[in-house]
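Colleague: The structure that follows is given in the form of C-alpha coordinates.
The values are calculated or read from the model by the stated rules, or taken from the named source; none is laboratory data. Computed from a prediction, not measured in an experiment: that's the story for all the values here. Cβ placement follows ideal geometry from the backbone for every residue including glycine, while neighbour counts extend to all protein chains displayed. When the accessible area is computed, the model is the full protein with side chains, heavy atoms only, and any ligands, DNA or RNA have been set aside. Shrake-Rupley method; radii C 1.70, N 1.55, O 1.52, S 1.80 Å.
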Amino acid sequence: EDKVVQSPLSLVVHEGDTVTLNCSYEVTNFRSLLWYKQEKKAPTFLFMLTSSGIEKKSGRLSSILDKKELFSILNITATQTGDSAIYLCAVEGGATNKLIFGTGTLLAVQP
Amino acid sequence: NAGVTQTPKFQVLKTGQSMTLQCAQDMNHEYMSWYRQDPGMGLRLIHYSVGAGITDQGEVPNGYNVSRSTTEDFPLRLLSAAPSQTSVYFCASSYRMRQGSSYEQYFGPGTRLTVT
(Lines give C-alpha, C1' and ligand atoms only; values in the text may rest on other atoms or scores of the structure.)
Protein backbone atom coordinates (compact mmCIF):
# COMPACT_ATOMS: atom_id res chain seq x y z
CA GLU A 1 0.00 0.00 0.00
CA ASP A 2 1.31 3.43 -0.93
CA LYS A 3 2.00 5.63 2.07
CA VAL A 4 3.60 8.90 3.09
CA VAL A 5 4.82 9.33 6.66
CA GLN A 6 5.77 12.64 8.23
CA SER A 7 7.70 13.23 11.41
CA PRO A 8 7.54 14.61 13.93
CA LEU A 9 3.76 14.89 14.27
CA SER A 10 4.17 18.14 16.15
CA LEU A 11 6.98 20.43 17.17
CA VAL A 12 7.30 23.48 19.41
CA VAL A 13 10.29 25.78 18.96
CA HIS A 14 11.29 29.33 19.82
CA GLU A 15 11.78 32.15 17.38
CA GLY A 16 15.19 31.99 15.78
CA ASP A 17 15.51 28.23 16.00
CA THR A 18 16.15 26.06 12.94
CA VAL A 19 13.79 23.15 12.32
CA THR A 20 13.91 20.11 10.09
CA LEU A 21 10.74 18.34 9.06
CA ASN A 22 10.84 14.86 7.63
CA CYS A 23 8.82 13.06 5.00
CA SER A 24 9.39 9.44 4.03
CA TYR A 25 7.43 7.59 1.43
CA GLU A 26 6.70 4.22 -0.06
CA VAL A 27 4.90 5.00 -3.29
CA THR A 28 4.99 3.07 -6.52
CA ASN A 29 5.50 4.95 -9.74
CA PHE A 30 6.95 8.02 -7.99
CA ARG A 31 6.67 11.24 -9.99
CA SER A 32 7.16 14.10 -7.57
CA LEU A 33 7.09 15.16 -3.95
CA LEU A 34 5.38 18.36 -2.89
CA TRP A 35 5.46 20.41 0.30
CA TYR A 36 2.52 22.57 1.37
CA LYS A 37 2.01 24.97 4.25
CA GLN A 38 -1.43 25.07 5.83
CA GLU A 39 -2.31 27.86 8.21
CA LYS A 40 -5.95 28.42 9.00
CA LYS A 41 -7.45 27.49 5.68
CA ALA A 42 -6.28 25.96 2.43
CA PRO A 43 -2.82 24.45 1.90
CA THR A 44 -0.49 26.71 -0.04
CA PHE A 45 2.26 25.36 -2.25
CA LEU A 46 5.90 25.57 -1.14
CA PHE A 47 8.03 23.26 -3.26
CA MET A 48 7.88 20.51 -5.83
CA LEU A 49 10.81 18.09 -5.95
CA THR A 50 11.41 15.57 -8.69
CA SER A 51 15.16 14.96 -8.68
CA SER A 52 17.47 13.73 -5.93
CA GLY A 53 20.05 16.02 -4.39
CA ILE A 54 18.86 19.28 -5.87
CA GLU A 55 17.95 21.75 -3.15
CA LYS A 56 14.96 23.99 -3.64
CA LYS A 57 15.15 27.24 -1.70
CA SER A 58 12.76 30.06 -0.96
CA GLY A 59 13.88 32.58 1.61
CA ARG A 60 14.39 30.80 4.92
CA LEU A 61 12.83 27.59 3.64
CA SER A 62 14.65 24.89 1.74
CA SER A 63 13.95 21.31 0.79
CA ILE A 64 15.77 18.37 -0.72
CA LEU A 65 14.78 14.94 -1.96
CA ASP A 66 16.59 11.61 -1.68
CA LYS A 67 14.99 9.16 -4.11
CA LYS A 68 17.32 6.35 -3.10
CA GLU A 69 16.41 6.48 0.58
CA LEU A 70 12.85 7.62 -0.20
CA PHE A 71 12.63 10.73 1.90
CA SER A 72 12.62 14.48 1.82
CA ILE A 73 13.36 17.14 4.41
CA LEU A 74 12.05 20.64 4.77
CA ASN A 75 14.32 23.06 6.62
CA ILE A 76 13.26 26.36 8.11
CA THR A 77 16.00 28.60 9.46
CA ALA A 78 15.60 31.56 11.83
CA THR A 79 11.99 30.60 12.50
CA GLN A 80 9.36 33.27 13.07
CA THR A 81 5.91 33.08 14.66
CA GLY A 82 4.44 33.38 11.17
CA ASP A 83 5.96 29.99 10.34
CA SER A 84 3.49 28.36 12.74
CA ALA A 85 1.38 26.05 10.60
CA ILE A 86 0.80 22.49 9.54
CA TYR A 87 3.35 21.41 6.94
CA LEU A 88 2.05 18.79 4.54
CA CYS A 89 4.08 16.46 2.38
CA ALA A 90 2.46 14.80 -0.64
CA VAL A 91 3.77 12.38 -3.21
CA GLU A 92 2.40 12.05 -6.71
CA GLY A 93 2.44 8.48 -7.84
CA GLY A 94 0.75 5.19 -7.12
CA ALA A 95 -1.27 3.15 -9.53
CA THR A 96 -3.36 6.10 -10.69
CA ASN A 97 -0.86 8.96 -10.33
CA LYS A 98 -2.69 10.87 -7.66
CA LEU A 99 -1.39 12.89 -4.72
CA ILE A 100 -0.93 10.87 -1.54
CA PHE A 101 -0.70 13.08 1.53
CA GLY A 102 1.03 12.54 4.83
CA THR A 103 -0.75 13.51 8.02
CA GLY A 104 1.33 16.64 8.40
CA THR A 105 3.65 18.17 10.99
CA LEU A 106 2.18 20.81 13.27
CA LEU A 107 4.83 23.45 13.92
CA ALA A 108 4.36 26.02 16.66
CA VAL A 109 6.89 28.83 16.91
CA GLN A 110 6.81 30.65 20.23
CA PRO A 111 8.03 34.23 20.65
CA ASN B 1 -8.33 35.31 -11.35
CA ALA B 2 -10.43 34.18 -8.41
CA GLY B 3 -8.55 30.88 -8.33
CA VAL B 4 -10.47 28.02 -6.71
CA THR B 5 -13.69 29.01 -4.96
CA GLN B 6 -15.86 26.89 -2.72
CA THR B 7 -19.30 27.41 -1.27
CA PRO B 8 -20.58 27.29 1.37
CA LYS B 9 -17.83 27.99 3.91
CA PHE B 10 -19.78 26.35 6.71
CA GLN B 11 -22.71 23.94 6.74
CA VAL B 12 -24.60 21.99 9.38
CA LEU B 13 -26.71 19.04 8.25
CA LYS B 14 -28.88 16.52 9.98
CA THR B 15 -28.30 12.83 9.43
CA GLY B 16 -29.97 11.72 6.22
CA GLN B 17 -30.06 15.12 4.56
CA SER B 18 -28.43 15.65 1.19
CA MET B 19 -26.51 18.62 -0.11
CA THR B 20 -24.05 19.76 -2.74
CA LEU B 21 -20.71 21.43 -2.07
CA GLN B 22 -19.81 23.74 -4.90
CA CYS B 23 -16.34 24.15 -6.40
CA ALA B 24 -15.30 26.35 -9.30
CA GLN B 25 -11.99 27.40 -10.83
CA ASP B 26 -11.22 30.01 -13.46
CA MET B 27 -7.71 28.88 -14.40
CA ASN B 28 -8.79 26.47 -17.15
CA HIS B 29 -7.35 23.57 -15.18
CA GLU B 30 -8.12 20.11 -16.49
CA TYR B 31 -7.64 18.27 -13.21
CA MET B 32 -9.96 18.82 -10.25
CA SER B 33 -10.28 16.88 -7.05
CA TRP B 34 -12.07 16.76 -3.72
CA TYR B 35 -10.34 15.96 -0.43
CA ARG B 36 -11.53 15.66 3.11
CA GLN B 37 -9.30 16.55 6.03
CA ASP B 38 -9.79 15.00 9.45
CA PRO B 39 -7.58 15.34 12.52
CA GLY B 40 -4.68 12.91 12.41
CA MET B 41 -5.68 11.63 8.96
CA GLY B 42 -4.19 14.19 6.62
CA LEU B 43 -5.89 14.94 3.32
CA ARG B 44 -7.71 12.02 1.73
CA LEU B 45 -8.88 12.00 -1.86
CA ILE B 46 -12.62 11.49 -2.35
CA HIS B 47 -13.13 11.85 -6.11
CA TYR B 48 -11.23 13.43 -8.94
CA SER B 49 -11.68 14.43 -12.55
CA VAL B 50 -9.12 14.67 -15.35
CA GLY B 51 -11.42 16.68 -17.60
CA ALA B 52 -15.01 17.54 -18.40
CA GLY B 53 -17.15 14.43 -18.51
CA ILE B 54 -14.56 12.23 -16.77
CA THR B 55 -14.59 11.40 -13.07
CA ASP B 56 -13.09 8.66 -10.95
CA GLN B 57 -13.01 7.50 -7.36
CA GLY B 58 -10.30 8.32 -4.90
CA GLU B 59 -9.44 6.77 -1.57
CA VAL B 60 -12.72 7.43 0.29
CA PRO B 61 -15.55 7.75 -2.27
CA ASN B 62 -18.42 6.08 -0.41
CA GLY B 63 -21.35 8.38 0.31
CA TYR B 64 -20.29 10.98 -2.26
CA ASN B 65 -21.07 11.62 -5.90
CA VAL B 66 -19.45 14.00 -8.37
CA SER B 67 -20.00 15.18 -11.90
CA ARG B 68 -17.96 17.35 -14.25
CA SER B 69 -20.16 18.85 -16.94
CA THR B 70 -17.85 21.84 -17.51
CA THR B 71 -14.13 22.49 -17.10
CA GLU B 72 -14.84 25.12 -14.45
CA ASP B 73 -17.19 23.33 -12.04
CA PHE B 74 -16.83 20.20 -9.95
CA PRO B 75 -19.65 19.82 -7.40
CA LEU B 76 -19.55 17.21 -4.64
CA ARG B 77 -22.85 15.69 -3.57
CA LEU B 78 -23.53 14.08 -0.24
CA LEU B 79 -26.37 11.67 -0.87
CA SER B 80 -27.48 10.94 2.71
CA ALA B 81 -25.31 12.71 5.26
CA ALA B 82 -23.86 10.75 8.15
CA PRO B 83 -21.97 11.97 11.24
CA SER B 84 -18.85 10.24 9.85
CA GLN B 85 -18.88 12.81 7.07
CA THR B 86 -18.23 15.64 9.50
CA SER B 87 -15.01 17.07 8.15
CA VAL B 88 -13.37 19.93 6.31
CA TYR B 89 -13.67 19.53 2.55
CA PHE B 90 -11.16 20.98 0.11
CA CYS B 91 -11.46 21.26 -3.62
CA ALA B 92 -8.26 21.52 -5.67
CA SER B 93 -7.34 21.98 -9.29
CA SER B 94 -4.27 21.83 -11.49
CA TYR B 95 -3.07 21.57 -15.06
CA ARG B 96 -2.86 18.03 -16.21
CA MET B 97 0.08 17.78 -18.49
CA ARG B 98 1.36 14.93 -20.55
CA GLN B 99 2.16 11.58 -19.02
CA GLY B 100 5.29 11.85 -16.94
CA SER B 101 4.84 15.50 -15.99
CA SER B 102 4.09 16.69 -12.51
CA TYR B 103 1.85 19.52 -11.42
CA GLU B 104 1.06 21.86 -8.56
CA GLN B 105 -2.43 21.75 -7.06
CA TYR B 106 -4.26 24.92 -6.05
CA PHE B 107 -6.64 24.53 -3.14
CA GLY B 108 -9.91 26.27 -2.40
CA PRO B 109 -10.57 27.79 1.04
CA GLY B 110 -12.48 24.75 2.30
CA THR B 111 -15.97 23.94 3.54
CA ARG B 112 -16.45 22.97 7.18
CA LEU B 113 -19.30 20.47 7.36
CA THR B 114 -20.92 19.21 10.54
CA VAL B 115 -23.45 16.39 10.46
CA THR B 116 -25.51 15.95 13.60
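Colleague: Among the residues of the range A:101-111, which ones are more than 9 Å from chain B (Cβ to nearest Cβ) and β-branched (Val, Ile, Thr)? Talk me through it step by step, then tell me what you get.
Modeller: As a first pass, look at the range A:101-111 and keep what is more than 9 Å from chain B (Cβ to nearest Cβ): A:105-111.
Residues satisfying the conditions are A:105, A:109.
Colleague: Right, next: Scanning for something more than 15 Å from residue A:5 (Cα to Cα), of a type in the set (Val, Ile, Thr), surrounded by fewer than 20 Cβ atoms within 10 Å (Cβ to Cβ) and within 14 Å of another protein chain (Cβ to nearest Cβ), does the range A:33-50 turn up at least one residue? Walk me through it before giving the result.
Modeller: Here is the first cut: in the range A:33-50, the ones more than 15 Å from residue A:5 (Cα to Cα) are A:37-50.
Going one step further and asking which of them are of a type in the set (Val, Ile, Thr), we end up with A:44, A:50.
Next, from what is left, pick out any that are surrounded by fewer than 20 Cβ atoms within 10 Å (Cβ to Cβ): A:44, A:50.
Right, trim to within 14 Å of another protein chain (Cβ to nearest Cβ) and you get A:44, A:50.
Looking through the range A:33-50, at least one residue is more than 15 Å from residue A:5 (Cα to Cα), of a type in the set (Val, Ile, Thr), surrounded by fewer than 20 Cβ atoms within 10 Å (Cβ to Cβ) and within 14 Å of another protein chain (Cβ to nearest Cβ).
Colleague: Let me ask another. Could you please find all residues in the range B:1-21 being more than 10 Å from chain A (Cβ to nearest Cβ) and part of a strand (DSSP E or B)? Can you show your working first?
Modeller: Restricting attention to the range B:1-21, the residues satisfying the condition of being more than 10 Å from chain A (Cβ to nearest Cβ) are B:1-2, B:5, B:7-8, B:10-21.
Within the range B:1-21, B:5, B:7, B:10, B:11, B:12, B:13, B:19, B:20, B:21 qualify.
Colleague: Could you say which residue among B:71, B:111 is open to solvent by 30 Å² or more (accessible area, probe 1.4 Å) and on the phi < 0 side of the Ramachandran plot?
Modeller: Working: B:111 fails: open to solvent by 30 Å² or more (accessible area, probe 1.4 Å).
Of B:71, B:111, the one residue that is open to solvent by 30 Å² or more (accessible area, probe 1.4 Å) and on the phi < 0 side of the Ramachandran plot is B:71.
Colleague: Still on this structure, please answer the following. If I go through the range A:63-98 residue by residue, how many of them are touching a residue at least 60 places away in the same chain (Cβ under 8 Å) and part of a loop (DSSP other than H, G, I, E, B)?
Modeller: Count: 6.
Colleague: While we're on this one: Please go through the range A:60-100 and give me each residue that is open to solvent by 20 Å² or more (accessible area, probe 1.4 Å), over 12 Å from residue A:21 (Cβ atoms) and within 14 Å of another protein chain (Cβ to nearest Cβ), ordered by number.
Modeller: Correct list: A:67, A:95, A:96, A:98, A:100.
Colleague: Kindly provide the set of residues from the range B:27-74 that are within 15 Å of residue B:5 (Cα to Cα), outside any strand (DSSP E or B) and in contact with a Phe, Trp or Tyr (Cβ under 9 Å, 6 or more places away or on another chain), ordered by number.
Modeller: B:27, B:28, B:29, B:74 - these are the residues of the range B:27-74 that are within 15 Å of residue B:5 (Cα to Cα), outside any strand (DSSP E or B) and in contact with a Phe, Trp or Tyr (Cβ under 9 Å, 6 or more places away or on another chain).
Colleague: Please tell me if residue B:66 is open to solvent by 10 Å² or more (accessible area, probe 1.4 Å), more than 17 Å from residue A:32 (Cβ to Cβ) and within 14 Å of chain A (Cβ to nearest Cβ). Write out each step before concluding.
Modeller: On the way: open to solvent by 10 Å² or more (accessible area, probe 1.4 Å): yes; more than 17 Å from residue A:32 (Cβ to Cβ): yes; within 14 Å of chain A (Cβ to nearest Cβ): no.
So residue B:66 fails the test.
Colleague: Report whether or not residue B:98 is open to solvent by 70 Å² or more (accessible area, probe 1.4 Å) and modelled with pLDDT under 90.
Modeller: Answer is yes for this residue.
Colleague: Within the range B:27-57, which residues are open to solvent by less than 20 Å² (accessible area, probe 1.4 Å) and free of Cβ contacts under 8 Å to residues at least 12 places away in the same chain?
Modeller: Correct list: B:42 only.
Colleague: Mind telling me which of the residues A:13, A:27 ends up being modelled with pLDDT of 90 or more, more than 11 Å from residue A:87 (Cα to Cα), touching a Gly at 6+ places or on another chain (Cβ under 8 Å) and open to solvent by less than 30 Å² (accessible area, probe 1.4 Å)? First the steps, then the outcome.
Modeller: Details: A:13 fails: touching a Gly at 6+ places or on another chain (Cβ under 8 Å).
Testing whether each residue is modelled with pLDDT of 90 or more, more than 11 Å from residue A:87 (Cα to Cα), touching a Gly at 6+ places or on another chain (Cβ under 8 Å) and open to solvent by less than 30 Å² (accessible area, probe 1.4 Å) leaves just A:27.
Colleague: Going by the structure shown, is residue B:24 in a strand (DSSP E or B), of a type outside the set (Lys, Arg), more than 25 Å from residue A:93 (Cβ to Cβ) and touching a residue at least 24 places away in the same chain (Cβ under 8 Å)?
Modeller: Details: in a strand (DSSP E or B): yes; of a type outside the set (Lys, Arg): yes; more than 25 Å from residue A:93 (Cβ to Cβ): yes; touching a residue at least 24 places away in the same chain (Cβ under 8 Å): yes.
The answer is yes for residue B:24.
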